[in-house]
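Here is the structure we will look at.
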Amino acid sequence: MRPLVLYLRSRAAPATAATVLGCAVALWALGLAIDHPQGRVLTALLTALAATIALAPGLAGADPDLDRASAIAWPPRRAAHIVVAGAVVAALLAATALAGQQMAGTGHIARNVAGLAGLVALGAAVLGAARAPLLPVIWTVLVLRYAPPMGEPPTRPAYKIMLTWMVQPPDVRSATVTAVALAVAGTLAYAVLGSRRS
Amino acid sequence: MVRAVSAAETAATSYAWAIHAQALRVRAGRRMAVDGLDLSMDTGVHGLLGPNGAGKTTLVRSIATVLRPAGGTLTLLGEKVNGRIDLRGLRRQIGYLPQEFGYYRRFTVREFVEYIAWLKEMPAAETPGAVQRAIERVGLADRADDRMKTLSGGMVRRAGIAQAIVNDPRILLLDEPTAGLDPDQRLQFRALLRELGVDTCVLVCTHLVEDVAAACTDVTLIDAGRLVFQGLPTDLAAAASSDVGADTGAADSAAERGYSAILRRHRERES
Amino acid sequence: MGARILGIELRRSVAMPAALVIAAVGVFVLFASNPPYRSWMELVVVQRDIMQLTWPLALAAGAWQGIRERRSRVEELIATTARPRPQRVLPVATAMAIAAVVAYLVMLAGGTGHLRHPDGYFPAGAVPLIALGALALVAAAWLGLAIGALLPSPLTAPMLVVIAFLGLAVVPPMLRDQDRGEPGAVLLLPFLQGPRDGGYELQVLSARANLSQALWLVAVAATGLALLAAARTATRVAALLPVLLGAAIAVPAMPRQLAAAWVADPRATEVVCTRDEPQVCIARMHSYALDELSGPARQALSVLAAKLPPAPTRVMLRTFGDGRDDGRPPADTLLAFVSPDDDVLARTPDDLVEIMLDGAGVPPCPNLPGASPGKVISGGSRPDAEARYLAARRAAGAWLLDRDPEPARAGEELDVTLARQALDALHALPADRQRARVAALRDAERTCAPGDRLDLLTGTSGTR
């Protein structure tokens, strides 16, 4: 138990938890304030994004060389880190549904958090922990500007649905597949490569 | 090479000491790290020794005007520091190399030294020449236009020394300046120190007693925030002869043994 | 401040890379989210509209730069230097400001590649819009710098993007009133939405809206800079003063409703003419088409000269809704109308001749039904009186060109059927009688005499 506690403290888990909690509270509060349906979906997505990128700084230890030189096997631990962290974020955000009106369904939140967390992990592997949020943030913001969440039926070509997976309604299969693929790819990349040192 | 002096400096100085502390007390976090220290230093190279936690770095930081004294008086270049709001004039004449030297990784050496020179309000016309001089004096002339993130640890340290001396300061504070320097560079650095000590008050805070013995004109030893010993390096070595300690061996230098002896005697006296 | 230090900051800070990223993202969105822009005004307004996206990015870039001191651990060293903080932050603030302006202008330059007519009318009213857009980006960069210096966490920049985007994208729809549109206070937000009916070419933002927005943005920028330069808590709180003052002054100065901020641009509908014969005149906003128009104009005039003398000697093309009420055209002018969003250049020369000769070169009469036939309600067809009027004009044009009326588009079947009937009736007559009837139609149109034009052509009521 103690090694786990030390590990969490070394990765600034308390600060991250506080941030994620703050995002969950914000989600609940905004849920009370906004009743425009598009606005609710948009806000839910952006809050999920904020909560997920809070995980980014914790993906790298303070000294990459020290971690690299250690005897323990990192890949399974890193994979566990991102998976558990993502699950906790999703659970916290979905729990706001218990406290008030749901902005977006549990499946919707879970899908978004999974895909975004995968992107954060991928970003950490490619760009380093400090710059990891760039990937999910720029993608989401571009999608939101270019194709705002209209709730249109998915009659558009498949690649467009995959590119805008985060704003698709929860029952669209290709969007869910994309999110899962991103989650898996990100977790694998992060587990194998670790955070790129900047 | 002598540093450039201004007319104001060649006029007779109205103060006796460059650094003068009386019953100085400085807080570091919650501890009173410097507790009733009396110190007087003028032109020359002064070594500052002491065990870890003795308050060396806190003392240096208070002289650098990073920390404000909590009690006593600190007079730098004839001006009292306590309670002064405007330290600009004083800071223009101070050079400081912190123990944890942070720098802008993307800047080149020349750009970084130039930036610090600008921060110290050096006249713009003099800056390029002074920067070049400083870089040459520390031996980084061939790496002057390389980014600082490409330098090795010792070179970064030397760049730190360059930024400290760029404005030809009257008080030069160097905290662990030789960390990471190879032996040849340390010899060159000692020569630089001797050169600087001719007209500047240099305070070198270090654990490397050999550097102190070789380059300094006098040695100050502090422990637990108080002054323990101030005198010539030869006095420090002389204190070793009367010491028969179990920890020391024949290969340990006289200066180190003397340091140990003085410290032990002081602690025995205190308790 | 030191030009050398500014140069160092420009080279080594995040200013230029951030400018590149923001410009690239902006150009991508400009191209990808809209079909080619029909006018400069549309491009300029859309570039302001996408500030929903680029403003948060600029904020984040500022924040990324602002955390530099803490991240590099240079704070202790800098604390021992002489220069006071306001002077110290000036070079980096200037560098970020330059980067913001450059990013905005490069975005505009890139966006001109998506302009349909780059040599078209560039309204003077576009300049304040561009300037204020650049100013808004500068304000974002400075605010970001200040926030980054205050909260030097690696999460600051991405969180700012999310929070700012949330604010910009979610707040306006909440404030929108279905009937009256957004309140004028929406001008407080850096991005700008175009006029509700999309008539970009004809409108500019009023001076009052521009000035109040400029005041507000200057206040925001000043607050950002003051926050950055503040060293103590007291000065930081004082730094919030400009933004409060700015809001207090600017919000009452803004127009009540956003729709009221868009005013007509008189210069856009001013008429410019070619210099050589035959003289062709067109609204300034379509001036890019002047060259292409001379061929069809010449053809139309020659047709009229041959078949229906005395013919006009110049051609004028105006737009529906340009607000000019000049009455009927003189006898020497062939006047035809196009709608504002019509891309004149996309029409074939035959199309243009047909437009010109519709109604024998005389525009529809305002007092008769069918005067503004621009928009057809889909799924319905025109009321009969309107259809007859338009059919008569169409038939006249077809007679002049000696061809059948164009195949019907949706809703125009009745027009075309009637026109064909009238044309057949006309062709049954001897040539001089045909000419007389068409001339009668033209005279009736010129004076806007009441009466059924179709009857004029088919001779059911008092012919010559």
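The values are calculated or read from the model by the stated rules, or taken from the named source; none is laboratory data. Not measured: the values here are computed from a predicted model. Note that we place each Cβ from the backbone using ideal geometry, even for glycine, and neighbour counts take in every protein chain shown. Each accessible area value is taken on the protein alone, full model and side chains, heavy atoms only, with ligands, DNA and RNA left out. Shrake-Rupley method; radii C 1.70, N 1.55, O 1.52, S 1.80 Å.
Numbers at a glance
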{"read-out": "Straight-distance crosslink candidates among lysines, where the alpha carbon sits under 30 Å from B:LYS149 and sequence neighbours closer than 8 are dropped", "value": "B:LYS56, B:LYS120"}
{"read-out": "Under Karplus coefficients 6.51, -1.76 and 1.60, residue-wise ³J(HN,Hα) of region B:139-151 in Hz, glycine/proline x", "value": "x, 10, 4, 7, 10, 4, 10, 9, 5, 5, 6, 8, 8"}
{"read-out": "Exercise: per-residue mean of other protein chain Cβ atoms within 10 Å, A:40-52", "value": "3"}
{"read-out": "Per-pair calculated FRET efficiency, R0 = 35 Å: C:LEU240 and A:ARG77 via Cβ, rounded to 0.05", "value": "0.15"}
{"read-out": "The protein assembly as shown: calculated mean residue ellipticity at 222 nm from DSSP helix runs of at least 4, using -39500 (n - 2.57)", "value": "-17000 deg cm²/dmol"}
{"read-out": "Diffusion coefficient, µm² s⁻¹, Stokes-Einstein with Kirkwood Rh over alpha-carbon pairs of chain C at 20 °C and 1.002 mPa s", "value": "83"}
{"read-out": "Once the Cα gyration tensor of chain A is diagonalised, semi-axes √(5λ) in Å", "value": "30, 19, 13"}
{"read-out": "Computed accessible area, A:LEU21, all protein chains, 1.4 angstrom probe, square angstrom", "value": "90"}
{"read-out": "Rh (Kirkwood; distinct C-alpha pairs) - the protein assembly as shown, Å", "value": "34.1"}
{"read-out": "Exercise: per-residue mean of other protein chain Cβ atoms within 10 Å, C:149-156", "value": "3"}
{"read-out": "Peptide ranges C:215-225, C:32-42, C:394-404 listed from the most packed, as the mean C-beta count within 10 angstrom indicates", "value": "C:215-225, C:394-404, C:32-42"}
{"read-out": "Pairwise label distance in nanometres, C:ASP404 with C:VAL271, each label 7 Å out on the Cα-Cβ vector", "value": "3.6"}
{"read-out": "Accessible area of region C:52-120 divided out per residue, in Å², using a probe of 1.4 angstrom", "value": "34"}
{"read-out": "C:THR112-C:ALA385 FRET efficiency (beta carbon distance; Förster radius 45 Å; 0.05 resolution)", "value": "0.45"}
{"read-out": "Beta bridge orientation in the protein assembly as shown: antiparallel %, DSSP, nearest 5", "value": "50"}
{"read-out": "Segments C:304-314, C:353-363, A:166-176 sorted - mean Cβ within 10 Å per residue, highest first", "value": "C:353-363, A:166-176, C:304-314"}
{"read-out": "From phi via Karplus (6.51, -1.76, 1.60), per-residue ³J(HN,Hα) for region C:157-172 in Hz, x at Gly/Pro", "value": "5, x, 5, 4, 4, 5, 5, 5, 5, 4, x, 6, 8, 9, 5, x"}
{"read-out": "Accessible area of chain C belonging to carbon and sulfur atoms, whole % at 1.4 Å probe", "value": "60"}
{"read-out": "In degrees, nearest ten, helix C:15-32 long axis to first principal axis of chain C (Cα)", "value": "20"}
{"read-out": "In degrees, nearest ten, helix B:153-165 long axis to first principal axis of chain B (Cα)", "value": "80"}
{"read-out": "Rule-of-thumb Rg ratio for region B:67-136 [Cα; 2.2 N^0.38 Å; N residues]", "value": "1.35"}
{"read-out": "Where N is the number of residues in chain B, Cα Rg divided by 2.2 N^0.38 Å", "value": "1.01"}
{"read-out": "Listed peptides B:68-81, B:189-202 by packing density, highest first (mean Cβ within 10 Å)", "value": "B:189-202, B:68-81"}
{"read-out": "Pair C:SER302, A:ALA69: separation of 7 Å Cα→Cβ label points (nm)", "value": "9.1"}
{"read-out": "Angle in degrees between helix C:241-253 and the longest Cα principal axis of chain C, rounded to the nearest 10", "value": "20"}
{"read-out": "Exercise: per-residue mean of other protein chain Cβ atoms within 10 Å, B:103-110", "value": "4"}
{"read-out": "Listed residue (C:LEU30, C:LEU20, C:LEU10) projecting farthest to the positive dipole end of region C:1-91, Cβ model", "value": "C:LEU10"}
{"read-out": "Nearest-0.05 FRET efficiency for C:ARG4 and B:ASP142, computed from C-beta distance (R0 25 Å)", "value": "0.70"}
{"read-out": "DSSP-defined beta bridges in chain C - what % are antiparallel, rounded to 5", "value": "40"}
